[in-house]
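Rule-based calculations on the coordinates, nothing more; no lab input. Fair warning: this is a prediction, and the values are worked out from it, not measured in the lab. FYI the Cβ positions are ideal-geometry reconstructions off the backbone, even for glycines, and counts take in every protein chain you see.
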Amino acid sequence: MHRLLLLLALLLPGCPAPADDDDATEPETPEPPCARWNAGEPQGTVEDEALDEISGLVASRQTPGALWVHEDSGAGPVLFALNASGRTVAELTLEGAPSADWEDLALGACAGDEPTPTDGGPWCIVVADFGDNFESRDDIALLRFEEPEVDLGADEPRELTADFEEIRTTYPEGPQNAEALVLEADGTPVVITKRTDGDAWLYRMPRAADDTTEPVRIATTTIGPVGGLIDTVTGADLTTDGTRLLLRTYAAGWLYDLGDDGLDGIHEDMQREVLVAPEPQGEAIAWSAFERDILHVSEAVEPPINRLSCRD
């Protein structure tokens with residue numbers, strides 16, 4: 001049946017092929033960056049009704065086809081691995097980790113001696129405990145751990161734990177609210193703030209717990225207004241080579257094709273809108289495992305996992 005659907009999808013004009021549940025394997029020859037995407041369509045539905053405030057999303061590199069998500073504030077230091085259809089296959093607890101207000105997560109290099117992961121990794125996830133609606137926090141925490149493999153066919157969610165590194169720091173300009181985190185090619189975290197004036201500030205953070213470097217504000221970008229209204233950043237993802245940035249706002253999705261200066265040179269002239277599927281409260285966006293398709297999900301009970309498949 002799957003082969004029949006795939007054949008029909010390829011033959012019918014304008015109809016994208018359905019996404020593989022396991023996202024297949026990484027191509028031997030890298031494909032050029034995608035230029036256009038089909039309209040967003042659900043690839044699955046989050047089955048666990050308790051996951052009603054998903055705030056962070058990344059596509060696994062250790063287990064292509066798996067998605068890591070977490071809940072908003074108050075849910076405890078737990079991440080959930082979903083298969084492509086939205087069923088929970090693993091729950092990972094960071095025992096003893098702070099979880100005042102988790103708002104996003106990012107996946108990339110582990111910030112070790114090698115700046116870029118080779119085939120097979122290692123890959124690390126960084127969770128951002130930096131939500132601060134009232135801009136009153138004394139400090140924030142970034143939690144880094146090595147991504148484990150998961151079993152996409154597990155009948156029941158597997159209970160996992162992971163050792164983590166806690167990077168605790170403060171902003172030089174005082175407390176900031178934020179809901180978006182990305183990792184540069186060498187694993188350096190960059191926080192993108194959530195402001196109400198139409199701008200987003202980018203802060204390059206310390207790379208490790210023993211890194212005494214203070215966060216540095218490296219750039220500012222103005223988020224394109226939607227329907228004449230100011231919008232705010234609620235999620236982000238950066239390609240592993242650091243060249244393409246996705247931003248999610250409540251009303252839209254945005255793509256930046258970055259120049260040679262990377263995030264330091266970000267500017268609204270690089271910005272173009274990505275037509276994400278309608279959602280009640282868009283909070284999370286991510287590149288698919290091999291960075292051709294775009295995934296996004298909303299806070300809601302049993303929200304769809306929307307996928308924008310590459311057109312060319």
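Using every pair of separate Cα atoms, the Kirkwood estimate puts the hydrodynamic radius of region 165-305 at 15.5 angstrom. If the chain linking GLU49 and GLU173 were pulled fully straight, counting 0.36 nm for each residue of separation and taking away their Cα-Cα distance, it would gain 40.7 nm. Look at THR249, THR240 and count the other Cβ atoms within 10 Å of each Cβ; fewest to most, that gives THR240, THR249.
The relative contact order of the chain, computed from alpha carbon pairs under 8 Å that lie at least 6 residues apart in sequence, is 20 percent. Can you list residues whose amide H is under 5 Å from GLU147's amide H, if they're 5+ apart or on another chain and H is modeled 1.01 Å from N? The answer is TRP123, CYS124, ILE125.
Ranked by the mean number of other Cβ atoms within 10 Å per residue, highest first, peptides 55-68, 184-197, 143-156 order as 55-68, 184-197, 143-156. Sorted ascending by nearby beta carbons within 10 Å, beginning with the fewest, GLU279, GLU159 become GLU159, GLU279.
Amide H contacts under 5 Å for VAL46: ILE305, restricted to partners 5 or more places along the chain or on a different chain, H placed in the peptide plane at 1.01 Å from N. Note on the chain: with a GNM built from Cα contacts shorter than 10 Å, the maximum mean-square fluctuation among GLY44, GLY108, GLY74 falls on GLY74.
Shown is the FRET efficiency for ASP260 and GLU156, computed with R0 = 41 Å from the Cβ-Cβ distance and rounded to the nearest 0.05: 0.25. Comparing mean-square fluctuations of TYR256, TYR203, TYR171 from a GNM of the chain with C-alpha springs under 10 Å, the top value falls on TYR171. The Kirkwood hydrodynamic radius of region 35-308, based on inverse pair distances between different Cα atoms, is 18.3 Å. If you plug the beta carbon distance of GLU214 and GLU135 into 1/(1 + (r/R0)^6) with R0 = 22 Å, you get a FRET efficiency near 0.75.
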